[in-house]
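What follows draws every value from the coordinates through simple rules; no lab data is involved. Quick caveat: nothing in here was measured; it's all calculated off a predicted structure. Here Cβ is always computed from backbone atoms with ideal geometry, including for glycine, and neighbour counts include all displayed protein chains.
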Amino acid sequence: MTDRPVGRIRFMDQQNVNLDGFAHEDADLGLVALRAPADPEPSLVVREGRVVEMDGRPAEDFDSLDLMIAGHGIDLSVAAEAMALDDVELARMFVDPSVPRHEIVRLVAGTTPAKLARVVALLRPAELTLAMTKLRARRTPSNQAHVTNRLDDPLLLAADAATAAAYGFREIETTVPVLADAPSNAVAVTVGAAVASAGVLVQCSVEEAMELEMGIRGLVSYAETVSLYGTESVFVDGDDTPYSKAILAAAYASRGVKMRVSSGAGAEVLMGGAERCSMLYLESRCVSLARAIGVQGVQNGGIDGASVASAVPRGVRELMAENLMVMARNLEACTGNDALMSESDVRRTARTLPILLAGSDYVCSGFGSIQRYDNMFGPSQWNAEDLDDWLALQRDWGVDGGLRTADPDDVGRLRREAAEACREVYQWLGLADFSDEHVDLAVDAAGSKDLGDPDPLVVLGAAQAIRGSGLGSLEVARALLETGYEDAAGRVLDMLAARVQGDHLQTAAIFDESMAVLSLVTDPNDYAGPGTGYEPDEQRQAQIDAIRQARGVEDLRADQSAWAGDWLRPTGAASVGTDPREVVIGLSPGVGRTVWRTLSGLPVLEVLRELLAGLEEEGCRARVVRVNATLDLGMVGLTAARLAGSGIGIGLQGKGTALIHRRDLPPLANLELYSMAPVITPTLYRLLGTNAGRHAKGATPVPARNPYTDEAIEARYHTSVIALVALERACVDRALGNEDLEVSL
């Protein structure tokens, strides 16, 4: 006996989920998701139009957060009505289809942070999804990408930004591993996005003063890294107040830069300032502050603290509840799903899926459209490694997660155009020179590791030149125009004009690819139960459905025809053999007519070669027969056995499944079976032929078995099986009977 756990537990300990950290609830540390003992009881007392008590705290004890919320974040005209509602009654209104969105928004405007947190905490997970479906501001969902790389390489940034736009991202956020590189990154991403699409908003997430400077110059068009916190102590530690954040928000808006704030569960816990309150209550204060400050929206749902919230019971539920509070406050919701919450694919998918199903203004506030190692925000919840999974999830559920499948040829073309445009802009502006080889590497690169080791001082020099010269997007547009990229130049100028007009400063605003603004004003969410609200139109649904991996019968027919050959020729009707050493190999109807290649990729001719070799090794005589009456493998094998002099037959379907049958057995019984065609190797087919010969001689061989595999055989191959069966079904013809075949190896 040993002290170590048994093998089953050791095996479980090795799974990815156990790389995550899990914590017991601890109110003293703020490690509580939904309700903590220190959360205040909801209250609101108003005298002579002034809030004199809020959530159990008298006005003379208000901190700066209370002052901002009480003064600017609560609609006192509806407060008495809203605060008088029973918590359960208001929670039920969130999910009741008969209660319109605008009524929820009206009432929530009169609630205090504690009241809203208590109400939202009552909603079960499925109810959160229902409520989010109704309460998001914009009807049409969208998504945001991270485009960064560890080298800050401009050509790769431009190519990756173009790729993100091609996949449908309407916001692109970049950042830097080296702060001084920021202006260069902003220019590169702006160029790449403009090459691929009109109306893509760009952000460079860095220190606030530099980010604002780039916004004023037109190098970025939105911001979201203005952080709010749920306790005054954490604000003070960051040398900020709600008022300084309000001034910064106004500065962005005055220059036509779309802006939302960032908050989220776990921030106060990580900074030791949770003050024994629950994460949900503290985030409710942040969302109320955002409303009071007057910003367009909130990026929350944990963000950098998502793993903290998810470590405690009901933490993932709290993350979604945060997002819902933003929607209920009538703000744009950028619903997290950016920082990697878990190394478990199951946990991170489970955290995101309800939001994908419900829809959000931005389902991810940073889908890492680049590889995990290149994401300078840290690995996202979703990265380039997961892009095909995301597209499949959209298709599986028939929902709009903001993305579409880009044609591989279009991706290659756009990446080259973006990299070349970026090189020309940098050269024309005197920022840097890049070689043809560098362009080629950036176009083909899956990530920055494919670029070799470029000189980092080139990027730093370009960034310093941009910042020192006062260069802005007008100069970038001119450089694009002068170097032959008229469409991209026009898109950069169109974005500048839109910033002057300011329509995109409405809540939850995005541009579509025609530069039309979709927002709470122009595209309001009108969900009111089944049969209402957003459904993708026919064109959008076709985009969602058309993932590049989908295959139909015609695709398979084309694949199969490439392997066609004249190596099976009928020689006449098959009769019953008399040689006791004869084994008949029965082929299904489509083999050599419409099917020439198995699911494993082996040509059927190669499979036959191995089966025949195995029989020859046992001194048996082989005859090949096509069974035209059926494609059922059991009947094909049984028919072959009844034709064989030995009474032993091999059945082989076009897809590669095979068995050994005996003439006296029922159709569904057999001696040996290979059911997993995609993983059957030539060696295994030869073994099946050998064993068939041994059966013919009266021996009892060790049965041939399917190989071990943990591959998702059914998920990967069933669509191909369906198409193969369709090709074979078309060849079934009872009138043809059974045909002897001459095989040309």
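Computed values, structure above
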item	result
Proximal lysines to Lys245, defined as alpha-carbon separation beneath 22 angstrom and excluding residues fewer than eight positions away on the same chain	Lys258
The range 615-675 and the range 199-234: distance between their alpha carbon centers, rounded to Å	70 Å
Cα-based shape type of the range 555-743, given that a ≥ b ≥ c are square roots of the gyration tensor eigenvalues and the cut on a/c is 1.5	oblate
Ranked by how many other beta carbons lie within 10 Å on average, peptides 643-652, 492-501 from highest	643-652, 492-501
For the range 428-496: rounded, prolate or oblate by the Cα gyration tensor [a/c cutoff 1.5]	oblate
Per-pair calculated FRET efficiency, R0 = 30 Å: Ala392 and Arg729 via Cβ, rounded to 0.05	0.60
Convex hull of Cα atoms in the range 135-544, direction-averaged projection (nm²)	18.4 nm²
Stretch gain in nm, segment Ala528-Asp436, where the contour uses 0.36 nm per residue and the Cα spacing is subtracted	27.6 nm
Point-to-point label distance, Asp579-Ser98, nm (Cα→Cβ direction, 7 Å offset)	8.3 nm
Sequence-distant lysines (8 or more away, or on other chains) whose Cα lies within less than 29 Å of Lys655	Lys697
Charge sum, other residues only, whose C-beta stays under 14 Å from Lys245's C-beta, Lys/Arg counted +1 and Asp/Glu -1	-3
Volume per residue of the C-alpha convex hull in the chain, rounded to whole Å³	214 Å³
Share of alpha-carbon pairs per 5 Å distance bin for the range 250-317, given as whole %	4, 17, 24, 22, 14, 10, 6, 2, 0
Cα centre as origin, Lys/Arg/Asp/Glu Cβ charges: the range 52-201 dipole, Debye	740 debye
Burial ranking of peptide ranges 326-333, 15-22, 345-352 (average Cβ count within 10 Å, highest at the top)	326-333, 345-352, 15-22
Expected-Rg normalisation [2.2 N^0.38 Å, Cα atoms] applied to the range 1-84	1.99
Cα centre as origin, Lys/Arg/Asp/Glu Cβ charges: the chain dipole, Debye	2800 debye
Net charge dipole size for the range 555-743 [Lys, Arg +1 and Asp, Glu -1 on Cβ; Debye, nearest 20]	300 debye
For Ser262, residues with placed amide H under 5 Å, excluding near neighbours	Val226, Ser227, Leu228, Gln299
Neighbour-limited loop hits for chymotrypsin sites (Phe, Trp or Tyr not before Pro), the range 497-599 (at most 15 other Cβ within 10 Å; DSSP other than H, G, I, E, B)	Trp563
Theoretical FRET efficiency, 1/(1+(r/R0)^6), r = Cβ-Cβ of Asp566 and Ala699, R0 45 Å, to 0.05	0.75
Cα-based shape type of the range 547-636, given that a ≥ b ≥ c are square roots of the gyration tensor eigenvalues and the cut on a/c is 1.5	prolate
Distance in nm between pseudo-label sites at Asp63 and Asn706 (7 Å out along the Cβ direction from Cα)	6.1 nm
Pairwise centroid distance, computed over Cα atoms, of the range 333-398 with the range 423-473, Å	29 Å
Sum of side-chain charges, Glu672 neighbourhood, beta-carbon under 11 Å (Lys, Arg +1; Asp, Glu -1)	+3
C-alpha center-to-center spacing [the range 253-326, the range 73-138] in angstrom	17 Å
Hydrodynamic radius (Kirkwood) for the range 617-729, which is based on Cα pairs only, to one decimal in Å	14.6 Å
Sorted peptide list for 228-239, 245-256, criterion being average Cβ within 10 angstrom, highest first	228-239, 245-256
Cα extents of the range 492-611 along the three principal axes, largest first (Å)	90, 40, 22
Segment Asp87-Glu343, extension gain: residue separation times 0.36 nm, minus the distance between their alpha carbons	88.5 nm
